[in-house]
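The values are calculated or read from the model by the stated rules, or taken from the named source; none is laboratory data. Every value quoted in this text rests on a predicted model; they were computed, and no experiment measured them. Quick reminder, even Gly has a Cβ in these numbers, built from the backbone with ideal geometry, and neighbours come from all protein chains shown. Keep in mind that these areas ignore ligands, DNA and RNA; they rest on the heavy atoms of the full protein, side chains included. Shrake-Rupley method; radii C 1.70, N 1.55, O 1.52, S 1.80 Å.
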Amino acid sequence: MTDLRYALRTLRISPGFATVVIVTLAIGIGANTAIVSLLHTVLFRELPVKDAGELVFVRTAGARGLGGAPPFPYFDHIRAETSAISGAAAFAADELRVEVDGSVEQVFGQVVSGNYFEVLGVTPVAGRLMTRNDERLDPPVAVIGYGYWQRRFGGAPDAIGRTLSFRDRVFTIVGVTPPRFQGLDPGRQVDVTLPITLEPTMIRNVEAQWFNAVARLRPGVGTGQAAVEANASFQSFKAASNRSNARAPTPFDRIELTPASRGLDRLRARFSGPLSLITLVTGIVLLIACTNLGGLLLVRGAMRSRELALRLATGASAGRLVR
């Protein structure tokens, strides 16, 4: 405590020097903290869902590399015939123009299969989330994100039961997702979720790849085993489709399962390079700040040479002076 009081007195005696030191450290440490936090959010943080490590994306693969989910009829067959997965859900995100209280606004939304939230293990913060029964659109329902709930409805409990319109159809808001859950695409906060059955033509299309699919592995099942089963289901359906439809899709020839614990990799693929470079630059900034601080302390030490000599002469140890 004596050393601490002495240090505070020293800072008070030289406020200009103390301010320069504090600001130098604040700039270096603050910049690194901000960038590393952003890097963690975009590149490394797992999805805030139940047992995120069990989630995988169902993707097509072929000569062109990895693609999105197979056409919906293929996907529907795979999730029904693959015993290694406990459930699989489809989702497609895009900008939506919705009408709320008579005013039209642009939101970031998605259409999902009814078991989407069940597969992810997400629980509502208000109301309820979508179920398989909601795919019947009788009545049409919608789920809103926590951020949109706060921004558009002020977090009011009576937002549950209110309506919004999309494509001349009225949807009743039945629930709100938790604050930390923002969807499966890092960096994009989902405002409105609607049933995927809004796209009946696309659901029946055996050629279009227009959505993504996420699946949950059964406990104790590895990704390799599940991929083998999923690919076998895919190949059997593809063979049947080829026999019945000469125009069956051909750009892909197998199914692969990729980790989904951190969400889609579009943002990581786009920004991992720039973010790594920025992290390196801020690390250099911190190094420069520490070098500057070291120089300042050397000058300060030279200015205090008479004081330190006097303290040594009166019996202070080297360790005490270092403290």
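The set of residues in the range 209-228 that are in a helix (DSSP H, G or I) and either farther than 24 Å from Val112 by Cα or out of contact with any strand residue (DSSP E or B) (no Cβ under 9 Å at 6 or more places or on another chain) (or both) comprises Gly224, Gln225, Val228.
Do the conditions hold for Val221, that is, is it within 17 Å of Thr60 (Cα to Cα) and surrounded by 14 or more Cβ atoms within 10 Å (Cβ to Cβ)? Break it down into steps so the answer makes sense when it comes.
On the way: within 17 Å of Thr60 (Cα to Cα): no; surrounded by 14 or more Cβ atoms within 10 Å (Cβ to Cβ): yes.
In short, no.
Being open to solvent by 20 Å² or more (accessible area, probe 1.4 Å), under 23 Å from the mean Cα position of the chain (by Cα) and either of a type in the set (Gly, Ala, Ser) or modelled with pLDDT under 85 (or both) is the filter here; which residues of the range 46-70 pass it? Those that are open to solvent by 20 Å² or more (accessible area, probe 1.4 Å), under 23 Å from the mean Cα position of the chain (by Cα) and either of a type in the set (Gly, Ala, Ser) or modelled with pLDDT under 85 (or both): Gly53, Gly67, Gly68. Residue pairs whose Cβ atoms lie under 9 Å apart, separated by 6 or more positions or on different chains, with the first residue in the range 212-225 and on the phi < 0 side of the Ramachandran plot and without any contact (Cβ under 8 Å) to a residue 40 or more places away in the chain and the second buried (at least 22 other Cβ atoms within 10 Å of the Cβ) and assigned to a strand (DSSP E or B), are Gly224/Leu257. Per this entry, Val174 is not counted among residues that are β-branched (Val, Ile, Thr), crowded, with 16+ Cβ neighbours inside 10 Å and in a loop (DSSP other than H, G, I, E, B). Comparison of Arg79, Arg97, Arg5 shows that the only residue that is open to solvent by 80 Å² or more (accessible area, probe 1.4 Å), of a type outside the set (Asp, Glu) and part of a helix (DSSP H, G or I) is Arg5.
In the set (1) within 22 Å of the chain's Cα centre (by Cα); (2) at pLDDT 80 or above, the condition left unmet by Ile284 is number (1). State all residues of the range 147-158 that are part of a helix (DSSP H, G or I) and either touching a strand residue (DSSP E or B) at 6+ places or on another chain (Cβ under 6 Å) or free of Cβ contacts under 8 Å to residues at least 12 places away in the same chain (or both); if no residue qualifies, say none. Trp149, Gln150, Arg151, Phe153, Asp158, listed by residue number. Mind listing just one residue for me: the one in the range 100-137 that is assigned to a helix (DSSP H, G or I) and open to solvent by 20 Å² or more (accessible area, probe 1.4 Å) and, of those, nearest to Ser261 (Cα to Cα)? The residue in question is Glu118.
Of all residues being modelled with pLDDT under 95 and in contact with a Gly (Cβ under 8 Å, 6 or more places away or on another chain) in the range 193-210, which is surrounded by the most Cβ atoms within 10 Å (Cβ to Cβ)? Just the residue, please. Let's see the steps before the verdict.
Step one: of the range 193-210, the residues modelled with pLDDT under 95 are 198-210.
Of the ones still in play, those that are also in contact with a Gly (Cβ under 8 Å, 6 or more places away or on another chain) are 209-210.
Numbers: Gln209: 19, Trp210: 15.
Only one residue fits best here, namely Gln209.
For the range 10-47, the candidate set comprises residues that are in contact with a Ser or Thr (Cβ under 7 Å, 6 or more places away or on another chain) and outside any helix (DSSP H, G or I); within that set, the residue that is farthest from Arg304 (Cα to Cα) is Leu47. Scoring Gly319 on the criteria (1) open to solvent by less than 80 Å² (accessible area, probe 1.4 Å); (2) closer than 27 Å to Ile29 by Cα leaves a single failure, condition (2). Could you list, in sequence order, the residues of the range 24-76 that are of a type in the set (Asp, Glu) and on the phi < 0 side of the Ramachandran plot? Glu46, Glu54, Asp76 - these are the residues of the range 24-76 that are of a type in the set (Asp, Glu) and on the phi < 0 side of the Ramachandran plot.
Got at least one residue in the range 203-211 being within 30 Å of Arg151 (Cβ to Cβ) and touching a helix residue (DSSP H, G or I) at 6+ places or on another chain (Cβ under 8 Å)? The answer is yes, given that some residue of the range 203-211 is within 30 Å of Arg151 (Cβ to Cβ) and touching a helix residue (DSSP H, G or I) at 6+ places or on another chain (Cβ under 8 Å).
So if I check each of Thr10, Thr19, Thr41, Thr33, which one is touching a residue at least 60 places away in the same chain (Cβ under 8 Å), hydroxyl-bearing (Ser, Thr, Tyr) and surrounded by 11 or more Cβ atoms within 10 Å (Cβ to Cβ)? Break it down into steps so the answer makes sense when it comes.
Details: Thr10 fails: touching a residue at least 60 places away in the same chain (Cβ under 8 Å); Thr19 fails: touching a residue at least 60 places away in the same chain (Cβ under 8 Å); Thr33 fails: touching a residue at least 60 places away in the same chain (Cβ under 8 Å).
It is Thr41.
Do the conditions hold for Gly62, that is, is it closer than 13 Å to Val119 by Cβ and small (Gly, Ala, Ser)? When the stated conditions are applied, Gly62 does not pass them. The set of residues in the range 247-306 that are assigned to a helix (DSSP H, G or I), of a type in the set (D, E, K, R), open to solvent by 60 Å² or more (accessible area, probe 1.4 Å) and over 30 Å from Ala18 (Cβ atoms) comprises Arg266, Arg270. A single member of Ala88, Ala142, Ala126 is among the hydrophobic types (A, V, I, L, M, F, W, C) and touching a residue at least 60 places away in the same chain (Cβ under 8 Å), and it is Ala88.
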